[in-house]
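Accompanying notes for the structure given below.
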Amino acid sequence: MDRYLDANSSTLDVEGLNRISRKVRIVSLFAPIGFLTLFFLFPIIKLFSKVIQLENIFSVLSDDETFRIFLFTFSQALISTIASLIFGIMPAIALSRYEFKGRRALSALVLVPFMLPTVVVASAFVALLPKDLHHTTFAVVIVHVFFNVAVVVRIVGLALSQIPRELEQSAQTLGASPASSFFHITFRLLTPAFISSSAIIFLFTFTSFGVIKIIGGPQNSTLEVEVARNALVLGDISKAAAISILQLIFLTICITIAFYISKKKSIHLSSNDIVRQPVLTPKEKVYIRSVTCLTVLTIATPIVALVTSSFRLGNTWSIYAWKNMSSSQIRPGITTGVDPLSSIGISFKFALLAVAITLVIAFLAAIAIYINGFAGKIVELGFALPLATSAVTLGFGMLITFAFSPINWRGQWWIIPIGHSIIAIPFVIRTLLLKLRMRPHTWVDAASTLGASPLKSLWSIDILRMKRPLVMGAAIAAAISFGEFGATTFLTRTESESMPIAIANLMGQTGNIPRAQGFMLASILAIVTGTVIFFIEVKDA
Amino acid sequence: MLKVKKVNKSFEDNLVLDQISFEVPEGETLAILGPSGCGKSTLLKIIAGLLVPDCGYIEIDNIDITKVPTHKRNVGLVFQDNQLFPHLNVSGNIEFGLKLLGWDKSHRKTKVSELLDLVNLNGFENRQITDLSGGESKRIALARSLATAPKVLLLDEPLTGLDEHLHDQLLVDLKAVLFDSKTTTVLVTHDKSQASELASEILTLK
């Protein structure tokens, strides 16, 4: 989990690696660059080429309906961002400033929602919230906050733990009340962390897709939903592409500005050992206890509501959904068109291939980045691009790219796990590089004095240490693949739906049976991803 | 005048301060001497109000301030590592307390340059905190604490961590500052000669 949000990757001395022959180094770049170009850069370029006529752009820009959708997308993202900051600051303070029993468990728990699939969380809130709150902006914001509090706890919490308490105490000896010293000193020093976490949350919520599809309803459409509607329902590819590209440009500008300001406001703090203080005063005890209780309740309640709802059929208790897992029939002759049981098998098939592809490509890319100088930096940057691209944009790009021979692959099932791996690879590369770059360089010296060739020492020192981060990477890729919804929407075919697609489909239907089956399937997906996330957290600790 | 009466403090069954009592007359300096870990810093934090004693009293000018919160005590504290505010420049740091007292800009400016004079750092107003040396940081921290004319000034290891040349220079200057400002001062140190150089009285903690 840590790797998801850590922005900095430290480069340590990699002397000795430049003795690896030039040929080996260049060859190592082939596979990762080839994969990235074919399955990511090419689709994005294709998307751009679809809107090459400026009139497409202008017609979208002057379209009132699209502008209305843009306004909704923007305002819900803004409200979600602010609300996440407000709700995130309390647990961030508790977890970064105090040492207490259960702190580690709590800080692992806080990060869980962020990794749960969007369709699971959205379904859970459908189960939890009363009917008249469904399809409201309020519901959308609540779900977004549920996801993104983790971002605040992680980024603001980390910054907070590096601000010495003595700074506030100094302010107090100069006459500032505790509240005013927090505001004048700590709050000011947190500005860069607030800005960067806001930027990330804004990016996530602006490009929200699965949540909106399930709990937003038709009147609360985001640009992503509009792209999907134009491309898949109305068949207006050029309009969909134009919206996609405009969104990409708009978000790039926003993020660039945010990171520029954040960098400008960043202040170097000399102290960097994190000292958490014990909980002493009664006030602090109340604070820590209420944060703990509220966090556990907030995370558990929707999940409990989800599982409970899978045992309801209309107004009665029933195990119908769990007993008829492979039934798509509602009544003889009427079908939901979705077979829940087979979607589980399909999701596992996708995940298996996605994990395999991710591990191979991420591993090759990490090694290539590690042993190459400048070219490695370019590859690293290239593989960071998918992070900034929404899943819908990626899926849409792949849909229109792999439609002609000799690469007419969009009908092939394996194109979906490839899409998943494009999303997972950046995270896994980070995990691997983190380990590679922690190479203790006395080991290299020792190895080379013992007569090891550079390649041999790369193998024996670096690659053999990769087992743990590779296992971690496999878990990350699996978690992403199981939950992926945006890109899959574009590439999926009827009768081979993955779990998230099947859930969204069932939740979109009326009637008690599809609902119950949707909740049942979402519960299973929650359990599957929950297990994987738990595994990641344990490995990470 | 500062009075500390029968102060006790323990952390989780570990008694750090046991029945500590002393008095510092108006304008005098007391040095508290002792090895590290003997509770010297804890004692300063209790006088500043950052920690609450288990029992005992703190009095300033015969008024019991044991229950008064830090920001209303008017006690200056210079931490061992200074704790200058990194987002403010030198004058921003020094005038922090004056702003809270509602001083207007021109008065603050005059006072800041007066204080910089006192600590021998004329013209340092617009320097960034990150550009200061260890000795300069200490002087600025001292000036910041003196700005609000505290009734008691607390110095935690004021000369630790400086190299020998700076150490001697600052020792001379610190002595002059304490003498000029006529502030009642408690300083904590592990260095006997430093203690006898700066203070009129020495209290040894075990």
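Derivation of every value follows stated rules applied to the coordinates shown; laboratory data play no part. Remember, predicted model here, so these are calculated numbers, not experimental data. In this analysis, Cβ positions are derived from the backbone assuming ideal geometry, glycine residues included, and neighbour counts consider all displayed protein chains.
Backbone phi angles across region B:47-60, fed through the Karplus curve with coefficients 6.51, -1.76 and 1.60 (θ = phi - 60°), yield HN-Hα couplings of 5, 6, x, 7, 10, 9, x, 5, 7, x, 10, 10, 10, 10 Hz in residue order; Gly and Pro are listed as x. Computed from the C-beta positions of A:L352 and B:I63 and an R0 of 45 Å, the FRET efficiency is 0.05 to the nearest 0.05. Residues within the reach of a label modelled at A:T137 (point 7 angstrom out along Cα to beta-carbon, backbone nitrogen below 14 Å), restricted to region A:192-225, are A:219-222.
Each of A:S266, A:S123 was scored by other Cβ atoms within 10 Å of its Cβ. Arranged with the fewest first, they read A:S266, A:S123. Restricted to Cα atoms, region A:333-378 shows a radius of gyration and a Dmax of 19.2, 64 angstrom.
For region B:159-200, the alpha carbon convex hull comes to 69 Å³ per residue, rounded to a whole number.
Annotation for region B:73-178: GluC sites (Glu not before Pro) lying in DSSP loop with at most 12 further Cβ atoms inside 10 Å of their Cβ do not exist. Its residues counted as N, region B:8-131 yields a C-alpha radius of gyration over 2.2 N^0.38 Å of 1.28. Rounded to the nearest angstrom and listed largest first, the equivalent-ellipsoid semi-axes of region A:193-329 from its Cα gyration tensor are 38, 34, 10. Each residue of region B:102-109 was assigned a 3J(HN,Hα) from its phi angle through the Karplus expression (A = 6.51, B = -1.76, C = 1.60, θ = phi - 60°), giving x, 5, 7, 4, 5, 5, 4, 4 Hz with x at Gly and Pro. Calculated on the Cα set of region A:52-299, radius of gyration then Dmax: 20.9, 67 Å. With the convex hull of its Cα atoms as the shape, region A:295-436 has an orientation-averaged projected area of 13.8 nm².
The chymotrypsin sites (Phe, Trp or Tyr not before Pro) of region A:375-418 that DSSP puts in a loop, and whose beta carbon has at most 10 other beta carbons within 10 Å, are A:F404. Cβ-Cβ distance of A:H268 and A:V24, R₀ of 45 Å, FRET efficiency by 1/(1 + (r/R0)^6): the value works out to about 0.70.
The alpha carbon convex hull volume per residue for region A:390-541 rounds to 135 Å³.
Cross-link reach is defined here as a Cα-Cα straight distance under 19 Å, omitting same-chain residues fewer than 8 places apart; for A:K456 the lysines meeting it are A:K23, A:K435, A:K467.
The distance between label points at B:A149 and B:M1 comes to 2.1 nm (points 7 Å beyond Cα on the Cα→Cβ vector). What the Kirkwood sum gives for region B:26-69 is a hydrodynamic radius of 11.7 Å, with every pair of different alpha carbons counted. When the alpha carbon gyration tensor of the protein assembly as shown is reduced to an equivalent ellipsoid, its three semi-axes come out at 58, 31, 25 angstrom, largest first. Once backbone amide H atoms are built at 1.01 Å from N, B:F11 has B:V16 as its partners under 5 Å, excluding neighbours fewer than 5 places away on the same chain. In sequence order, region A:197-212 has phi-based couplings of 5, 4, 4, 5, 5, 4, 4, 4, 7, 5, 9, 5, 10, x, 4, 5 Hz under the Karplus curve 6.51 cos²θ - 1.76 cosθ + 1.60, θ = phi - 60°, and Gly or Pro positions carry x.
Along the axis of the charge dipole computed for chain A (Cβ charges of +1 for Lys and Arg, -1 for Asp and Glu, origin at the Cα centre), the listed residues A:G314, A:A159, A:V471 are led at the positive end by A:V471.
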